[in-house]
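These notes are about the structure you will find just below.
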Amino acid sequence: MINKLIETPIESLNVYYLSHPISEIRKEAERYQSSFIGKLESLIESIIQNSNTVLFYPTSIDELIIKQEKEDHKTKLSPILSQRWGIPFRDSIISPPIPNHLTKINPLNPQNFDFLSEGNDSENAISHLLSLLREYIYHTQTVSRDFSLIEQCRNGIIVCRPFYNGSLGNGVKAEIEYNYSLMRDSKKRRCYKLSCDDDNDEYRANKVCSLLSEKIEDEKKIDLLKKELSQNSDCFKSEKDFLSIINKKIPIDSFITEDETPNIWEGESHYQKTEAFKTFLKNIFIKANEANFFKMEGEKEIQSDLYKRTFNLNYTKETFWNELIAEIGSKIEYPEEV
């Protein structure tokens, strides 16, 4: 990639920022983390080898490697470095390696203070200080740096599995939306979303059930509905089918309580409940389908152009990596054919 930057005229290069989930991956068992990172590196290699493209891969900087664990439903941080994100193409790194004697120093605990022997109060105080440090790094360094890199990637961003395990991370969402804001002033910018159908379906089901849980406290009904929506993903293509599944699992009266309707005769009360129910679910249907695109409020006049330059490449979970790696080069090189 370095040779390509040096030898190829910048006008001939596509320069993209690579965005992907991080927090959700780190929640996985170590072998699944390694699998995702390995396949992501294969994807990077395929893009670089099969297209005239240069990628900015900021995750390899990875300054947020403070070890954290769940304890009594709370996140506890320790002055220990967790495993950092992998660096692809180590043989082509042009900066000098870190001297061995420096690699053995833990910057979070350079004097090897035995914090575990000091008791819970000391551990909790250290955890609190580390959480403040983590937030400070993220808000003052990570976000501004990543946005600056997106600005420098003149062709836009490539997003890999934005809805991983049915969740949309704040970082990925912010990067997509920031790139959209830059697309107003640059016709060259694009957004490629490399998505897995199973992720998208799970995200929509989670989104729907999260919104419904604001009105319904019955967790069992919500869980059954989530399962039904995940298994019938085609319902998100039709508002009618979507409403039909909701009606089967949760009756209308579950949504609108008596104190939300006027004290009038029963027929009109039921009509009002039905209409309120339909309006409520229509809004949920729209929000659930954000997996297809990201809205930009107040920018209706340019939305159609942005969506024309948003390319959704969807695959099943079984074929996602193999098919994507095989064809991604040509998809990016010749976007008009997508």
Open item on the list: Here is the link list: LYS278/LYS317; LYS70/LYS207; LYS27/LYS226; LYS74/LYS278; LYS39/LYS282. Which ones come out longer than 28 Å on Cα distance?
Closed with: LYS278/LYS317; LYS74/LYS278; LYS39/LYS282
Task: Amide hydrogen neighbours beyond the local backbone of ILE80, cut-off 5 Å, H modeled - done: LYS67
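Computed over the Cα atoms of segment 55-186, what is the convex hull's projected area averaged over all directions, in nm²?
10.9 nm²
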- [ ] Run the quick spin-label model on ALA276 and ARG26: label points 7 Å from Cα toward the beta carbon, then report their separation in nm to one decimal.
- [x] 4.3 nm
Task: Extension gain, ASP121 back to LYS188 (0.36 nm per residue minus Cα-Cα distance, nm) - done: 18.7 nm
Open item on the list: At R0 = 45 Å, how high is the FRET efficiency between THR140 and LYS317 if r is their beta carbon distance? Nearest 0.05 is fine.
Closed with: 0.75
- [ ] Name all residues of segment 43-70 having a backbone nitrogen under 11 Å from the label point set 7 Å from the Cα of SER12 along its Cα→Cβ direction, giving them as ranges.
- [x] 52
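Checking the a/c ratio against 1.5 first, then a/b against b/c, what shape does the Cα gyration tensor give for segment 111-260?
Working: a/c = 2.65, a/b = 1.28, b/c = 2.08.
Here segment 111-260 falls in the oblate category.
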Task: Calculated FRET efficiency for the pair SER131/LEU5, C-beta based, R₀ 35 Å, to 0.05 - done: 0.40
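A short reminder: the numbers here are calculations on the coordinates, not readings from a lab. Keep in mind that this is a model prediction, so the values were computed, not measured. With ideal geometry, Cβ positions are generated from the backbone for all residues, glycine too; neighbour counts draw on all protein chains shown.
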